[in-house]
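Read through the structure below, which is laid out as C-alpha cells, and then see the notes.
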Amino acid sequence: MPTFVQVLDFIGTFAFAISGIRLASAKRFDWFGAYVVGLVTAIGGGTIRDLLLDVTPAWMIDPIYLICTALALLWVIIFGRSLIRLNNTFFIFDTIGLALFTVVGAGKSLALGYPFWVAIIMGSITGAAGGVIRDVFINEIPLIFRKEIYAMACVAGGVAYWLCDIVGIESYICQLVGGTVVFLTRILAVKYHICLPILKGNDEQENN
C-alpha cells in the first residue's frame, strides 16, 4: 500500500502534469510535446531537489511518475474542450500541485536529517522549479519572476510545516497544514491581487 506521502506525490504529479499539458495545448503542441511539457512540470522540481539532497530522483526508481503524466495527457485529450472552456483550470491544477509538492519536498528533507531552512528551500524548489522549466519550454516568463505570489506561497507553507513539526504534531497533519497554507496563500493572493513590491531601477533605467 502506498504511504500518505506517496499518495500526495502521485496526486501532485497528476495535477502538475495537467497544468503543463493544458498550457502546451494552448500553444498548439503535439501530443509528444505536450507530454514532455507535462513531465518536466511534474518531475522537474523533485529532480532538482533530489540531486541537491544527493539521492536518486524518484522517477528513476518508480515509473509511476511517467504513468501519471501519460494519464494526465489522456485526461486532457478526452476532456480537452471542457478544460479549455474553464479559464481557471490551469490555475487550479497548478495550485494543487504547488501545495502538494511543497510539503513532499519539505518532509523528505526533514526525514533525511536536514535543518528546517533547508527543508523550506527544498519544499519551495520542489513546488516551483517544475513550473519554471515548464514556462521556459513554452516560451513564457516564469511565474516566480512575475509579481504574483508563487514561490512565497511555498515558503509560507514550508514554515507552517516546520512549526507544526517542532511542536511534535503527526507528520500527516504537518503535511495537511503546510499544503493548506500554500493553497490558501496562492488563492487569496490572486483573488485580492496581493503581490510583492516590484524592484525599480533609477529613472534612466526606467526610461530605457
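Note: relative contact order over region 25-146, using C-alpha pairs below 8 Å and six or more positions apart, is 34 percent.
Extension gain for Thr180-Val118 works out to 20.3 nm (0.36 nm per residue, less the C-alpha to C-alpha distance). Most mobile of Phe16, Phe32, Phe183 per a Gaussian network model of the chain (Cα springs, under 10 Å)? In the Gaussian network model the winner is Phe32. Pairs of Lys residues in the chain, spaced 8 or more positions apart or belonging to different chains, with C-alpha separations under 28 angstrom: 5 in total.
Among the trypsin sites (Lys or Arg not before Pro) found in region 97-176, those both in a DSSP coil and sparsely packed, with 13 or fewer other Cβ atoms within 10 Å of their Cβ, are Lys147.
Springs between alpha-carbon pairs under 10 angstrom, Gaussian network model over the chain: which of Pro142, Pro57, Pro197 fluctuates most? Per the Cα network of the chain with a 10 Å cutoff, Pro197 tops the list.
Once both labels are positioned 7 Å from their Cα atoms along Cα-to-Cβ, the gap between Leu199 and Val7 label points is 4.2 nm. Once C-alpha pairs closer than 8 Å and six or more residues apart are averaged by separation and normalised to the residue number of region 85-157, the relative contact order reads 30 percent. Rounded to the nearest 0.05, the FRET efficiency derived from the C-beta distance between Glu140 and Leu53 at R0 = 41 Å is 0.90.
Restricting the calculation to Cα atoms, region 4-196 shows an Rg/Rh of 0.96 when the hydrodynamic-style radius is the Kirkwood one. Note on Tyr65, Tyr172, Tyr192, Tyr161: ascending count of other Cβ atoms within 10 Å places them as Tyr192, Tyr172, Tyr65, Tyr161, the fewest first.
Bear in mind these aren't lab numbers, they're just calculated from the coordinates by the rules spelled out. Computed from a prediction, not measured in an experiment: that's the story for all the values here. Neighbour counts are summed over all protein chains in view; Cβ atoms, including those assigned to glycine, are modelled from backbone coordinates with ideal geometry.
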